[in-house]
Amino acid sequence: MASIEQNVRYPQKRHYRQRAHSNPTADHKVDYPIHPDLMDWSKLYPEFPNKRVEFADVGCGYGGLLVALGELFPDVLSLGLEIRVKVSQFVIERIKALRLQEQGKHQNVACLRTNAMKYLPNFFYRGQLKKMFFLFPDPHFKESKHEWRIISRSLLSEYAYLLCEGGLVYTVTDVPDLNQWMVKCLDEHPMFERVSQEELDKDPVVPKLWDSSEEGQKVTRNDGPKLLAVYRRVADPFDSS
Amino acid sequence: MASITGNKEMLAVSGGNSVYLLERKNGSLQTLEPPVEDIKITTKKVPKKGETSSEHADKHMACAALSSCGRYLALATCRGTKSLLIWQLEGQTWSLISQRPIGRAASKIRFTNSASRVLIADKAGDVYSFSVTEPTKEKEWLLGHIAMLLDVTVSDDEKYIISCDRDDKIRVARFPNCYNINSYCLGHTSFVTSLSFLPHNLCILVSSSGDGCIKLWKYLEGKELLSIPINKYVPALDGEILPIKQCSVFQVSPEASLMSVCIGSSSKCPIFKIDGTDNLQVKLLCTIGSEDQEVWCTQFTKDNSMLLMKNNKMRPVEVWSWDENYDFLLNQNETELYEKHSDTFQECFSCPSIPSMLYRKNYDEPADKVKKHS
């Protein structure tokens, strides 16, 4: 009915702009549970009291991919993580509005303002995640800032811990240097194996990476390079050697 | 942080940029330090606003470790070209067998049980392994945290490596395949300062933290078994929660261990007895410490002694022992042997035992104030 639509305030991006770069190693005042047992997910997913998050969009920006994931996988809980206050606020408002606008839908997506580099193990159990997305991460070009990159040899061990065996890491960027860096880190990590193009052609998520995220749409408009690298979390080869 | 360790024959005190060895039977002192060329400061560092130049130069302290066999000594220097030096005991002399650059200042160094490697947990968040058996082999990166590391340890069977950081985390990974994280021990609410294994049940990890607690964990499962709020036993005068700098554990029977605790800004060192293997019981035995000198470090040694390092101009090193009733007594004779070296040790106390940077600042980003549109 018209009255419901009138009450739904869809947030406008221009009120939620924030500079792209944030120092992830700084002590931001961020809420996080001391232990995954202590996290109350019912506030984010009130309609799904017995489910666990399986897809994580790390650095979800304005939430384009997140919403698309929710629609593509209605039985899976997807969570967007964003460190920038204003941007995460936008996504939270957006999801609230969508849930009101389309009753019964978008209950399986939510956004958390947090520092993914520091607190992922506080939110998720070992092997809980099935997919992790790293779309257009900050390249942090300066060599002194390389340790701020979201894909690094240290953090990949954490992601390997959070993903189940067979779980997937999707990395997307339009910066060739960053793509090379991410591919190198992932190739060198013994618990990740690159997914073939053949398999990617069959993956329904792949097209969404370009056409649902705001950054992806920008790259398409500007005809920029579409550098995708997807890896599967595999068993530790050390045990079988 | 300056520290003390030792065995039946000697004590090793680290501080400044060297390690001081004290022979226990006669109190003689030997200083082991980097070769002369290294002591020169290669780059002139400008003190930051508000810092005096001496505060700045002493921001880091050297770290030392003694292998459990007593034949190797390692020192990670913090001035000049930061390096890891390893000495080997040949007869009565310590000869330098290795010197390799380390890059970043070390928070803690340790030998593995077999003394085949030295592990360095550095302030940038990384753990590096240096071979002892191959003294010129290049260092190997083992793992990294985002936050600064405060301690690292490897299980006796050398199957697991445990590291703890400024961001309250304890991470348990496989060893030497350290990229394979096994579990996290989550529960501390402040920086984690030290890690030890409960000697009478090695499946249990003992951790100390800036949150004022000692926690015991079944580390392979990441399960917290017990939390001991030290401030309950040794309350601060103003009710503030004091951070725990470190603790030391020592087995006294197949089912019991002692634990001594070093508290930040406190002259008191409580000693506990931990009984049981699955069902743990903790009892406070006594609290050592008098006068107003801060206890800097506590360490049990294999010969049933307990060492205390105190910020005391006359007596920086104390040696204690206990009787069958767990009454602790100062070993007067041995403690007096070390008094003549008190001046040498003063530099160990030149920077705070708990640097203020360990505490989180929790700042608000400028964009935290979001305009709500009604």
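Each helix, a run of at least 4 DSSP H residues, gives -39500 (n - 2.57); summed and divided by the residues of chain B, these come to -1000 deg cm²/dmol at 222 nm.
Identify which of B:237, B:225, B:143 has the largest mean-square fluctuation in a Gaussian network model of chain B, with springs joining Cα atoms closer than 10 Å. Taking springs between Cα atoms under 10 Å, the residue moving most is B:237. For chain B, just say rounded, prolate or oblate: build the C-alpha gyration tensor, square-root its eigenvalues into a ≥ b ≥ c, call rounded for a/c under 1.5, and beyond that prolate if a/b exceeds b/c, oblate if not. Here chain B falls in the rounded category. Here the accessible area is traced with a 1.4 Å probe on the protein chains. For segment A:110-241, carbon and sulfur cover 49 percent of it. When the inverse distances between all different Cα atoms of segment A:156-221 are averaged and flipped, the Kirkwood radius reads 13.4 angstrom. Rg ratio for the protein assembly as shown: its Cα radius of gyration over 2.2 N^0.38 Å, N being its residue count, equals 1.06.
Inter-chain neighbour count for B:174-180: the average number of beta-carbon atoms from partner chains within 10 Å of each residue's beta-carbon is 5. Per residue, the convex hull spanned by the Cα atoms of chain A measures out at 149 cubic angstrom.
Taking the chain by itself as reference, segment B:185-222 contains these residues with an accessible-area loss of 30 Å² or more in the full protein complex (1.4 Å probe, heavy atoms): B:186. In segment A:69-99, the residues that give up 10 Å² or more of accessible area when the other protein chains are added, compared with the chain on its own (1.4 Å probe), are A:85, A:86, A:89, A:93. From the cross-link list A:118/A:208; A:13/A:43; B:313/B:340; B:108/B:283, which pairs have alpha carbons spaced over 21 Å apart? Long pairs (Cα-Cα over 21 Å): A:118/A:208; A:13/A:43; B:108/B:283.
With protein chains left intact and a 1.4 Å probe, residues in chain A average 48 Å² of accessible area per residue. Rolling a 1.4 Å probe over the heavy atoms of the protein chains gives segment B:207-321 an accessible area of 40 Å² per residue. For residue B:292 and residue B:325, the FRET efficiency from 1/(1 + (r/R0)^6), where r spans their Cβ atoms and R0 equals 22 Å, is about 0.15. Each part reduced to its alpha carbon centroid, segment A:87-148 and segment B:163-227 end up 28 Å apart.
Taking a ≥ b ≥ c as the square roots of the Cα gyration tensor eigenvalues, with a/c under 1.5 meaning rounded and otherwise prolate when a/b beats b/c, else oblate, which class fits segment A:13-82? Judged from the Cα gyration tensor, segment A:13-82 comes out oblate (a/c at least 1.5, b/c at or above a/b).
Please report, in debye to the nearest 20, how large the charge dipole of segment B:218-374 is about its Cα centre when each Lys and Arg carries +1 at its beta carbon and each Asp and Glu carries -1 there.
800 debye
To the nearest 100 Å², how much accessible surface do chains A and B cover up together, summed over both, with a 1.4 Å probe? Its buried surface, counting both partners, is about 3300 Å². Judged by the gyration tensor of its Cα atoms, with axes a ≥ b ≥ c, segment B:113-266 is prolate; a/c meets the 1.5 cut and a/b is the larger of a/b and b/c. With a simple spin-label model that places each label point 7 Å from the Cα along the Cα-to-Cβ direction, the separation between residue A:146 and residue A:40 comes to 4.4 nm.
The values are calculated or read from the model by the stated rules, or taken from the named source; none is laboratory data. Keep in mind it's a predicted model, so treat the numbers as computed, not measured. Heads up, the Cβs are rebuilt from the backbone with ideal geometry, glycines too, and the neighbour counts pull from every protein chain shown. Please note that ligands, DNA and RNA were not included when accessible areas were found on the heavy atoms of the full protein model with its side chains. Shrake-Rupley method; radii C 1.70, N 1.55, O 1.52, S 1.80 Å.
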